[in-house]
Amino acid sequence: MERWLALELASTIRHDGDGGVADDLASVEGVTRWVEAQAESLSGQVRIRELSVDEALRSEMVALRQAVRALFARAVSPAPPSPADARRLMPVEEALSYLNSVAARESVVPQLDWPSDGAPAVRLVSAEGDPAVRLLAALARAAVDFLSGPHRDRLRACSAPRCVRYFVKSHGRQEWCKPSCGNRARAARHYQRQRQATDGGPAVS
């Protein structure tokens, strides 16, 4: 299954299974666990073993997530954004400015490779020594790549009750991020139809 680092960051706000919202970045320990879970996606960009997560880094990751979710909300418009932050979204211009400034924190320079038995090639190498800066810049660049790429047009906010996730639509009529959300949405519609029938109101199609 294809994964997008920007979507993974946005999805650190999620339904907790009990009708509430969980925040995977609510603590330094939570951020550490999340970063370690993204090791494959961050490979070659961040030396995770050298990273020491502190409250300052956690706060910056939360701010970056706010910017990404604000831009995700813009991407799905005119459809409704995720209900998790629909009433407290960062203004779009502020989100753009913050995202771009974080992406620019890491200096990346071109390096020429020219093996004796092959053609020359250019690779980009970071000139930044601080792994925290590299992490934030990598996450910001992932969001820039996602929002400027073809997947943006298929980004949706899940419409299932209590779900707060964004997802990339993989087929024509997909409304929900995962099957369990579809089951919950259908159950809610069934309940609403039954209740309206009992109350004598019009049935919901």
Q.
Here is a list: Glu94, Glu106. Which entry is out of contact with any Cys (no Cβ under 9 Å at 6 or more places or on another chain), among the acidic types (Asp, Glu) and buried (at least 19 other Cβ atoms within 10 Å of the Cβ)?
A. Glu106
Q. Cβ-Cβ below 8 Å, separation at least six or inter-chain, first residue in segment 73-86 and farther than 11 Å from Cys158 by Cα, second part of a loop (DSSP other than H, G, I, E, B) and small (Gly, Ala, Ser): which pairs?
A. Ala73/Ser82; Ala73/Ala86
(Q) As an exercise: evaluate Ala119 against (1) open to solvent by 70 Å² or more (accessible area, probe 1.4 Å); (2) in contact with a helix residue (DSSP H, G or I) (Cβ under 9 Å, 6 or more places away or on another chain); (3) of a type in the set (A, V, I, L, M); (4) modelled with pLDDT of 95 or more and give the number of the one condition it does not meet. (A) (2)
Q | Criterion (open to solvent by 20 Å² or more (accessible area, probe 1.4 Å), within 19 Å of Arg3 (Cα to Cα) and not in a strand (DSSP E or B)) met by exactly one of Arg162, Arg141, Arg134 | A | Arg141
Q) When you go through (1) outside any helix (DSSP H, G or I); (2) free of Cβ contacts under 8 Å to residues at least 40 places away in the same chain one by one for Glu94, which number turns out not to apply? A) (1)
Q | Number of the condition not met by Arg74 [criteria: (1) surrounded by 17 or more Cβ atoms within 10 Å (Cβ to Cβ); (2) over 23 Å from Arg134 (Cβ atoms); (3) in contact with a helix residue (DSSP H, G or I) (Cβ under 8 Å, 6 or more places away or on another chain); (4) not acidic (Asp, Glu)] | A | (1)
Q) So Leu9 clears everything in (1) in a helix (DSSP H, G or I); (2) within 13 Å of the chain's Cα centre (by Cα); (3) farther than 16 Å from Ser59 by Cα except one condition, right? Which one? A) (3)
(Q) Against the conditions (1) part of a helix (DSSP H, G or I); (2) more than 30 Å from Arg49 (Cα to Cα); (3) among the basic types (Lys, Arg); (4) in contact with a strand residue (DSSP E or B) (Cβ under 8 Å, 6 or more places away or on another chain), where does Arg152 fall short? Just the number, please. (A) (4)
Q: Have a look at Leu89, Leu139 and point out the one that is closer than 13 Å to Ala67 by Cβ and in contact with a Pro (Cβ under 9 Å, 6 or more places away or on another chain).
A: Leu89
Q | Selected residue (only one of Arg14, Arg47 is more than 16 Å from Leu136 (Cβ to Cβ), open to solvent by 50 Å² or more (accessible area, probe 1.4 Å) and not polar (S, T, N, Q)) | A | Arg14
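The values are calculated or read from the model by the stated rules, or taken from the named source; none is laboratory data. Because the structure is a prediction, the values reported are computed rather than measured. Please note: Cβ atoms are built from the backbone with ideal geometry, for glycine as well, and neighbour counts cover all protein chains shown. All accessible areas refer to the heavy atoms of the entire protein, side chains included, with ligands and DNA or RNA removed. Shrake-Rupley method; radii C 1.70, N 1.55, O 1.52, S 1.80 Å.
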